[in-house]
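The values are calculated or read from the model by the stated rules, or taken from the named source; none is laboratory data. Remember, it's a predicted structure, so these values are computed and weren't measured experimentally. Accessible surface is based on the protein model in full, side chains and every heavy atom, while ligands, DNA and RNA are left aside. Shrake-Rupley method; radii C 1.70, N 1.55, O 1.52, S 1.80 Å.
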Amino acid sequence: MAIEVQNALQSEEQKTTATVDLRSDTVTKPSPEMRRAMAEAEVGDDVYGEDPTVNRLEQRAAEIFARDAAIFVPSGTMGNQIAIKIHTRPGQEIICEERAHIFNYEMAMLSHFSGCMVRPVHGEDGVLTWSEIKKRISPKIYYRAQTGMISLENTHNMAGGTVYPQELADEICDQAHEMGLPVHLDGARIFNASVALDRPVREITRKFDSVMFCLSKGLGAPVGSLLAGSRNFIEQARVYRKALGGGMRQAGILASAGLIALEQGPARLHKDHENAKFLAEGLATIRGIAIAAAKVRTNILIFDIGGTGMTSDDMTRELAARNILAAGVSSQAIRLVTHLDVDRAACAHALDVIRQICK
Ligand code: TLP
């Protein structure tokens, strides 16, 4: 067969093969049920507190997390940054793991908006222990910047979706509170942690002063996150959300999809975890790829491709040309995230393509 014809056929085949998007669980599209709910949502002006659907979502989130109150925010970033603003004063330090989202992917907003600095700590698999944190807490001396808060991330995204052992998280909260330090939880994927630990979110988050979680990741909503905490904390959060331009008016259209995500999303996350495990175990058998498959417990996996001789740019480009989308997280590491729009067959296909590319 002439090369041109072969190429044309190949590219035709590529066009017809559905794209498998493993870049993030943020890429999910709203289900038909969500779209219907959005079209029919009862709405009002949420800046006046008059959107019944937003109010219902906030109430349900507060109930599920056993908190006084919760507030709907457009993004996880805004939820985290509002919490940081409330917990700290300018000139203070925030202790978090060195790969934390608040430190690396939130546009240095904790310095810009809250006037704080990060005191990063390395934790094996992204998990901090009190003994490591304790060493980084500033002594109470007037000429040292004071520690303002601690922030943990569960699951830990850039450590590969790792889960906090509950006793470690509890100990950090208890000890920090003894010293008068608040602890925030970046729980963007806390429902994934809850499934992995087989414990309800209210239980695994109860000692934190504030919790942010996302509807728009594994739970499948198109937009939105919630910040939960005490009544006083949420009252302050409302002020800062408005200040940041997050007062969203008839946001019930978004909250209606969020309610479906919150009520129905968690029950299917175990499938994403099984698919991630399947991918990790498959990847571990490919020469040149290194991954600790046994550590993959939720929907994120990060693998090293140093042994293939390719950079992550090379590999993601090769994959994209075959309709598999993956994200490079460093020059030699690639992240895959499973979610409700990729099933087992799609994962098996992605694995085959990666295997071919590595040959
Ligand atoms: N994470 C995104 C990217 O920003 C990296 C992703 O694709 O995983 N906390 C954690 C742990 C997150 O992973 C993210 C988003 C956020 C906060 C921020 O959420 P959004 O994107 O809604 O601002």
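Measure nothing fancy, just the Cα-based angle from helix 252-264's long axis to the longest principal axis of the chain, in degrees from 0 to 90, nearest 10. Approximately 80 degrees, to the nearest ten. Using a 1.4 Å probe over the heavy atoms of the protein chains, calculate the carbon and sulfur portion of the accessible area of region 32-266 as a whole percent. Exposed carbon and sulfur together represent 50 percent of the surface. Taking only the C-alpha atoms of region 71-114, Rg followed by Dmax gives 10.1, 28 Å.
Would you mind calculating the gained length between residue 243 and residue 105 on full extension (0.36 nm times residue separation, minus the Cα-Cα distance), in nm to one decimal? Let's see the in-between values first.
Numbers: separation 138, 0.36 × 138 = 49.68 nm, distance 2.09 nm.
Length gained between residue 243 and residue 105: 47.6 nm.
Once the Cα atoms of helix 76-87 and of the chain are each reduced to a long axis, what angle between those two axes, in degrees from 0 to 90 to the nearest 10, is obtained? The angle comes out at about 20 degrees. Counting only heavy atoms of the protein chains and using a 1.4 Å probe, residue 85 has close to 50 Å² of accessible surface. Mean separation of Cα pairs under 8 Å and 6 or more residues apart, divided by the residue count, gives the chain a relative contact order of 24 percent.
Can you pull the semi-axes for region 116-233, root of five times each eigenvalue of the Cα gyration tensor, sorted largest first, whole Å?
Details: eigenvalues 127, 50, 38 Å².
Working from the Cα gyration tensor, I get semi-axes of 25, 16, 14 Å.
Within the listed set 306, 224, 282, the residue fluctuating most in the Gaussian network model of the chain (springs between alpha-carbon atoms under 10 angstrom) is 306.
Principal-axis analysis of the Cα atoms of the chain puts helix 52-64 at an angle of about 90° to the longest axis.
Which of rounded, prolate, oblate describes region 190-249, given a ≥ b ≥ c as roots of the alpha-carbon gyration tensor eigenvalues and a/c under 1.5 marking rounded, otherwise prolate only if a/b is larger than b/c? Since a/c reaches 1.5 but b/c is at least a/b, the shape of region 190-249 is classed as oblate. Cα convex hull, region 152-303: 133 Å³ per residue, rounded to a whole number.
Averaged over its residues, region 32-266 has an accessible area of 41 Å² per residue, based on protein heavy atoms and a 1.4 Å probe. When the Cα gyration tensor is reduced to axis lengths a ≥ b ≥ c, the ratio a/c is 1.5 or higher for the chain, and with a/b not above b/c it is classed as oblate.
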